[in-house]
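Here is the structure we will look at, set down as structure tokens.
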């Protein structure tokens, strides 16, 4: 409470700012000084005495106006007051620490030029000085609603570069909140990169799009869900609220993993719901996990649980190691369907992670993370040489065909990617920013990806070349298949026709390479015609 009001005329050099006032520059000081010289002070500042000096509760602009007048009143022929403005009147009061801080709040809270981070610091300090105050009470002081009071604090956790862009209006408070959310899964330097790109593109691309793309390219991040509906960990994953999640099936960790994740052991032992996790974030409609190791452990537990449930539903046993080799059933083969419908005793269920590639089954209402496989003698009852994922017994013909197809896929990608090197010139006139924008819509499955890693975003030249080649790749990759063998020389002929339309030249050496590769593939598959010797 205010106590003992005394008006004194105090030497300017003995007057200090309020210790809680961290405001930087003050504007229009000269104008205020001239107004004081003409009209005198309308309100006397208040201060408290500390030793031989005085600390202002408020009135910092007036103090600076007196400093200006002391130096300039004679130069500008202004009226002389207060002994040439060497002293300033103060109402001296015995203020408490809280009262001193409240003076700063009163002086600053309604300023039009108060920056966002200045208000955030003021709010944070107010909470420290008034620990019992509710968000509603604080909102009445700062003229904002409770939700805004609770949300302002996060701006001070952003990197300094981001705070500066928020204060100068380059980014909105909404974008700043998205960047703060990005910080749950991204290091500081990536957040700074994002805000620089937002400033550079200046409305050409929405800030949310830029932030989302930055998160997608992080190695430690797993995208879990995009779009409407109840969010899940992927199309066939668990609900992100993790209700009834089988934590008891989380796999044991190795000694090395325990050492590597020592700081997160409690989290990994009993993980919270994804939506309540400190490593989870959401941008637009995309949900991301920023701790891939945790995601992988949950995937194992979820698939094992789904497999156990499917076993109870279908009466098919869960696969065990002593069941030996296996081969996955496929939905389009009649013999596979009949085997499933009869519940053949050699059938087993496995979690999808045990397969090296995906397979379509569509048997009843089985979860797609569960796969039906044939084991033992049941494998011999299956028709069809290809079933996506397979194990167990294969004929020599099947083995040779698989080797030939593997070589074909590798060589086909080499052919197409080499073609893009010469054809990328058709996109030379496309600016880098436009290339990035176009490639935001790209999607490629594992089998459709080019045989080259995407360069770092820091190397703009290399990345630009890659993006131009990638655009060509998406055009030509679809004209041939990686799942059925074709002659590479025939694929090359098709590429030559396209090259003529684009008015580009393809080296003759590439055709010779395709002929060599065709021979290599033919020799690999020729083994399949040999008849194994008996005995």
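All but one of (1) within 52 Å of the chain's Cα centre (by Cα); (2) assigned to a helix (DSSP H, G or I); (3) without any contact (Cβ under 8 Å) to a residue 60 or more places away in the chain; (4) surrounded by fewer than 17 Cβ atoms within 10 Å (Cβ to Cβ) hold for residue 71; which doesn't?
Answer for residue 71: the failing condition is (1).
So, in segment 482-495, how many residues would count as being at pLDDT below 90 and loosely packed, with under 14 Cβ neighbours inside 10 Å?
So the answer is 2.
Restricting to helices (runs of 4 or more DSSP H) lying wholly in segment 96-161: which have 1 or more residues that are modelled with pLDDT under 90 and within 30 Å of residue 194 (Cα to Cα)?
116-129, 146-152
Those residues that are in contact with a helix residue (DSSP H, G or I) (Cβ under 7 Å, 6 or more places away or on another chain) and within 20 Å of residue 278 (Cβ to Cβ), I need them from segment 208-217; list them, please.
First, the residues of segment 208-217 that are in contact with a helix residue (DSSP H, G or I) (Cβ under 7 Å, 6 or more places away or on another chain): 208, 210-211, 214-215.
Listed by number, the residues that qualify are 211, 214, 215.
Mind listing whichever residues of segment 193-207 are surrounded by fewer than 18 Cβ atoms within 10 Å (Cβ to Cβ), part of a helix (DSSP H, G or I) and touching a helix residue (DSSP H, G or I) at 6+ places or on another chain (Cβ under 8 Å)?
Initially, segment 193-207 is screened for residues surrounded by fewer than 18 Cβ atoms within 10 Å (Cβ to Cβ), giving 193, 196, 199-206.
Right, trim to part of a helix (DSSP H, G or I) and you get 193, 196, 199-201.
193, 196, 199, 201, listed by residue number.
Give me a count of the residues in segment 317-365 that are assigned to a loop (DSSP other than H, G, I, E, B), at pLDDT below 90 and within 19 Å of residue 376 (Cβ to Cβ).
Number satisfying all stated conditions: 5.
Table: residues versus (1) part of a helix (DSSP H, G or I); (2) in contact (Cβ under 8 Å) with a residue 60 or more places away in the chain; (3) farther than 30 Å from residue 212 by Cα.
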| position | (1), (2), (3) |
| --- | --- |
| 408 | yes, yes, yes |
| 415 | yes, yes, yes |
| 433 | yes, yes, no |
| 453 | no, no, no |
| 467 | yes, no, no |
| 476 | yes, yes, no |
| 479 | no, no, yes |
| 485 | no, yes, yes |
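Criterion first (on the phi > 0 side of the Ramachandran plot and modelled with pLDDT of 90 or more) does residue 522 satisfy it?
no
Of 267, 248, 287, which residue is part of a helix (DSSP H, G or I) and within 30 Å of residue 457 (Cβ to Cβ)?
Values: 248 fails: within 30 Å of residue 457 (Cβ to Cβ); 287 fails: part of a helix (DSSP H, G or I).
The unique qualifying residue is 267.
The values are calculated or read from the model by the stated rules, or taken from the named source; none is laboratory data. These figures come from a predicted structure and were not determined experimentally. Please note: Cβ atoms are built from the backbone with ideal geometry, for glycine as well, and neighbour counts cover all protein chains shown.
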